[in-house]
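Only the coordinates and a few stated rules stand behind these numbers; no lab work does. Just so it is clear, the model here is predicted, and its values are computed rather than measured. Because the Cβ atoms are built from the backbone with ideal geometry, glycine has one as well, and the counts that use them run over all protein chains shown.
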Amino acid sequence: MARPRKAKQDKRTERLPSLRMTPKELEDVKAAAANVNQPVSQYARGMILNGQIVAGGVEEVDPALVLELKRIGTNLNQAVKKLHQTGVPNPMLEDSAKQLNAFMDQLIEKLL
């Protein structure tokens, strides 16, 4: 099945005049685009139109962090389900919330 055609106003048919730069400037632009996991054209369009870009996804994810997040999420889900069933807060809910906060702090530390 083919991809649906883009609406006329969404097609990118117009071009800017050629942009000249030094080899060093071109390498800087390519490196900046690579740092945010974007093609050069997408990076340049974002910078020209918005003056900023939204970084792409994280390249490497620590499997141990993913596993820990899954475990905390499972515990939290079970505690909330029990709360909805009984109307009585489960002590596990507070523990899971504390674990999640600690995990998020750890994750932010690793990303910064």
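At a Förster distance of 41 Å, what's the computed FRET efficiency of Leu26 paired with Asp105, Cβ-Cβ distance as r, to 0.05? That pair, Leu26 with Asp105, gives E of 0.55.
For Ser96, Ser41, the sequence from fewest to most other C-beta atoms within 10 Å is Ser41, Ser96. The angle between the Cα long axis of helix 63-86 and the longest principal axis of the Cα atoms of the chain comes to about 50 degrees, rounded to the nearest 10.
Helix 23-35: angle to the longest alpha-carbon principal axis of the chain, degrees 0 to 90, nearest 10? That works out to roughly 20 degrees. Note on Asp95 and Met1: the model spin-label points, each 7 Å out from Cα along the C-beta direction, lie 4.6 nm apart. Full extension of the segment from Val40 to Thr74, taken as 0.36 nm per residue of separation minus the current Cα-Cα distance, would add 8.2 nm. Paramagnetic label reach from Asp62 (point 7 Å along Cα→Cβ; backbone nitrogen cut-off under 18 Å): within segment 76-112, residues 99-112.
The C-alpha atoms of the chain define a longest principal axis, and helix 91-111 lies at about 30 degrees to it.
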